[in-house]
Amino acid sequence: MAKKVLVLAGSFRKKGNSDLLCDAFIDGARSAGHSAEKIYVNDKKIGFCRGCGVCNETHKCVQNDDMPEIMEKMIRADVIVMATPVYFYAMNGQMKPLIDRCVPRYTEMTGKDFYFIVAAADEDHAAMEKTLAGFRGFLECLDDSHEKGVIYGTGAWKIGDIKDKPAMKQAFEAGKSV
C-alpha cells in the first residue's frame, strides 16, 4: 500500500547535509512506490507560540501564517520525517516553533510513523541524543505514533560532506522501507 510521506526539512541550506539526506530518503520512498513531499520549514512563515491558550478551545491559532497548511499535511501524512542540522546539540531554531505550533491539532496527529534526520559535524551518535530528545518529547504527546528510525548524518561540517558518508545510503534505505 502506497503511503504519503511528508518531509519537514529544517535547514536554511538547500542542498546542505541534512537536505541531501532528506532527498535520499525521498528517493528511497518514491522508488518503493510511495508519494513524498518536502516542505522547507524556512520557506514558510511560522510564528512562535504565544502561549495564549485560545487554541485549547478553538483548535485554531490566532496567528495568520503557514502553520495551518503544514498541520493539515502532517495530519494527512502516514509518515513524517523531521530533519534538522544540529546546532550546539539541539534542533535548529526553525524546527522548534513548528513543533510548538502543533498544539491546536496535535490530537489529530495519530497513528503516524516518524523518522528523524540529524546532521552534525560531531562524529559521535551519542552526542545527538539531546537533539533527538526534543523530537521524542513531541512524539510522546501524539497518540499511536512511532519512531521508526534515525538517520545520523554525523561527521558532516561543510556543505556536501555527507555525500561520502554511510548516512546517504541509510536514508535511502529508510525511505524505501516505509
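In this structure the chain gives 50 Å² per residue of accessible area when probed at 1.4 Å with all protein chains present. Among A77, F12, T154, pick out the residue whose Cα is farthest towards the positive end of the charge dipole of the chain, where Lys and Arg carry +1 and Asp and Glu carry -1 on C-beta, about the Cα centre. Sorting the options by dipole projection puts first F12. From the alpha carbon centroid of region 74-100 to that of region 11-63 is 7 Å.
Each of D100 and E72 was given a label point 7 Å from its Cα along the Cα-to-Cβ line. The distance between the two points is 2.5 nm. Only Cα pairs under 8 Å and 6+ residues apart enter the sum, and on that basis the relative contact order of region 1-149 stands at 27 percent.
Please tell me which of these pairs span more than 30 angstrom C-alpha to C-alpha: K112/K158; K60/K169; K130/K165; K38/K60; K38/K169? Could the numbers behind the result be given before it?
Working: K112/K158 33 Å; K60/K169 40 Å; K130/K165 22 Å; K38/K60 24 Å; K38/K169 19 Å.
Cα-Cα > 30 Å for K112/K158; K60/K169; rest within.
Of the accessible area of the chain, computed with a 1.4 Å probe over protein heavy atoms only, carbon and sulfur atoms account for 52 percent.
Among the aspartates and glutamates, which have Cα under 13 Å from the Cα of K73 when same-chain residues fewer than 8 positions away are ignored? Once the sequence-local aspartates and glutamates are set aside, what remains near K73 is E37, E108.
Less than 14 Å Cβ to Cβ from A133, Lys/Arg counted +1 and Asp/Glu -1: what total charge do the surrounding residues give?
Numbers: positive: K96, K130, R136; negative: E129, E140, E147.
Within the 14 Å Cβ shell, the charges total 0.
The angle between the Cα long axis of helix 129-140 and the main principal axis of the chain comes to about 40°, on a 0 to 90 degree scale. With the alpha-carbon atoms of the chain aligned to their principal axes, the span from lowest to highest coordinate is 49, 39, 27 Å, starting with the largest. Applying both filters, DSSP loop and at most 12 other Cβ atoms within 10 Å, to the GluC sites (Glu not before Pro) of region 73-147 gives E123.
The values are calculated or read from the model by the stated rules, or taken from the named source; none is laboratory data. Values in this document were obtained by computation on a predicted structure and should not be read as measured data. Cβ: placed from backbone, ideal geometry, glycine included. Neighbour counts: every protein chain shown. Quick note on the areas: whole protein, heavy atoms, side chains included, nothing else; ligands and nucleic acids left out. Shrake-Rupley method; radii C 1.70, N 1.55, O 1.52, S 1.80 Å.
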